[in-house]
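Undergrad: My structure is below; once you've seen it, I'll send some questions.
No value in this document is a laboratory result; all are computed from the given coordinates. No experiment lies behind these values; they were computed from the predicted model shown. All Cβ positions, even for glycine, are placed from backbone atoms using ideal geometry, and neighbour counts span all protein chains on display.
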Amino acid sequence: MAVITFANAKGGAGKTTAALILSTELARQGNRVVVLDADPQRWITSWSEVSGRVANLEVISHVTPASLPCHIRELKGEADFIVIDLAGAKDAIVALALGLSDHVLIPVQGCAMDARGAVQILELIRHIGEKARVRINHSVVLTRVNSLVTTRALQTIKALLASRGVSVLDTPIVERVAYREIFECGGTLQMMDPNRVSNLDKARENAYALAAEVQNLLPVTARRALMSRLRSALPRAA
Ligand SMILES: Nc1ncnc2c1ncn2[C@@H]1O[C@H](COP(=O)(O)OP(=O)(O)OP(=O)(O)O)[C@@H](O)[C@H]1O
Ligand SMILES: [Mg+2]
């Protein structure tokens, strides 16, 4: 099981969209996915209510700092992926989720490159890592990237961030109508009508590439430190 958290202290960076696109794609591929919805706006919970049952995908709402470690512990044998969607904040549940993650994905809008919220999360990751003496794996994922932006331009951004020690996913999340519609219509990208939603095939390909890259990032031993991390988050747990 791997825990993947989407975090950016700035609101509207694209966390929830990225979390849902990744989760539905991982579930489509047959992985058992549980989304822990820790965003007070509960967008993924609303999506799930509109969608009804989606194979391999469960959404747990009202996740709190107290319940988060319990959920992860209980899901250990049942889920292949736990995806945590957080509020655009830098509070207790954000810090806890970062510490319990196998990989933190930090969405940054590719067009604006307003990276202040991302920098706050990067600092928090460093702080928690130093305090707990663990390495919290993390990457920036560029979101809402205009489909006309060239690979060369993205490589330039990537190189810039890499020179500051920040790794960036090769796969940007492109600005797509389908990624907005999914919240309104419910269901998955596969359930949408290509005659009604423009560039749906490209949106699906993008989701596939994102899930493939994220799965490659995760260490084979993703559950390596899970128990020790849970023990420190839940001091009285067995
Ligand atoms: N790749 C995308 N393509 C099209 N629209 C997008 C994309 N990513 C995000 N959006 C839109 O941008 C807005 C903000 O995205 P989202 O809700 O995912 O951000 P967030 O970081 O979860 O925000 P918050 O901090 O409020 O929880 C939404 O209207 C969403 O539909
Ligand atoms: Mg959100």
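Undergrad: Using a simple spin-label model with points 7 Å from Cα along the Cα→Cβ vector, what separation in nm is obtained for Val50 and Gln155?
TA: 3.9
Undergrad: Now for a separate question. Taking the Cα centre of each part, how many Å lie between the range 22-54 and the range 155-201?
TA: Using only Cα atoms to place each centre, the spacing works out to 16 Å.
Undergrad: Pop a pseudo-label 7 angstrom from the Cα along the beta-carbon direction at both Ala162 and Gln190 and give the gap in nm to one decimal.
TA: Placing both labels 7 Å along Cα→Cβ, they lie 3.4 nm apart.
Undergrad: Now a separate question. Of Gly12, Thr64, Val134, which is farthest along the charge dipole of the chain in the positive direction, counting Lys and Arg as +1 and Asp and Glu as -1 at C-beta?
TA: Val134
Undergrad: Of Lys202, Lys131, Lys15, how do they rank once you tally other Cβ atoms within 10 Å and put the fewest first?
TA: Values: Lys202 13, Lys131 10, Lys15 27.
Fewest-to-most Cβ neighbours within 10 Å comes out as Lys131, Lys202, Lys15.
Undergrad: State to the nearest 20 debye the size of the charge dipole of the chain about its Cα centre, where the only charges are +1 on K and R beta carbons and -1 on D and E beta carbons.
TA: Numbers: 28 positive and 22 negative charges, 161 e Å.
Charge dipole, the chain, about its Cα centre: 780 debye, nearest 20.
Undergrad: While we're on this one: Name the aspartates and glutamates eligible as straight-distance cross-link partners of Lys90: C-alpha to C-alpha under 17 Å, and not fewer than 8 places from it in the same chain.
TA: Within the straight-line limit of under 17 Å, Lys90 reaches these aspartates and glutamates: Asp37, Asp39, Asp114, Glu123.
Undergrad: In nm, to one decimal, how far is the Asn216 label point from the Arg133 one, both placed 7 Å along Cα→Cβ?
TA: Simple spin-label model gives 3.4 nm for this pair.
Undergrad: Quick one: Ile128, Ile60, fewest Cβ neighbours within 10 Å first, how do they rank?
TA: Details: Ile128 15, Ile60 20.
Taking fewest neighbouring Cβ atoms as first place, the list is Ile128, Ile60.
Undergrad: Okay, moving on. In what sequence do Tyr179, Tyr208 fall when counting other Cβ within 10 Å, fewest first? Could the numbers behind the result be given before it?
TA: Values: Tyr179 22, Tyr208 15.
Going from sparsest to densest Cβ surroundings: Tyr208, Tyr179.
Undergrad: Beta carbons within 10 angstrom, averaged per residue: use that to sort the peptides 92-99, 48-55, 5-12, highest first.
TA: Highest to lowest by the protection proxy: 5-12, 92-99, 48-55.
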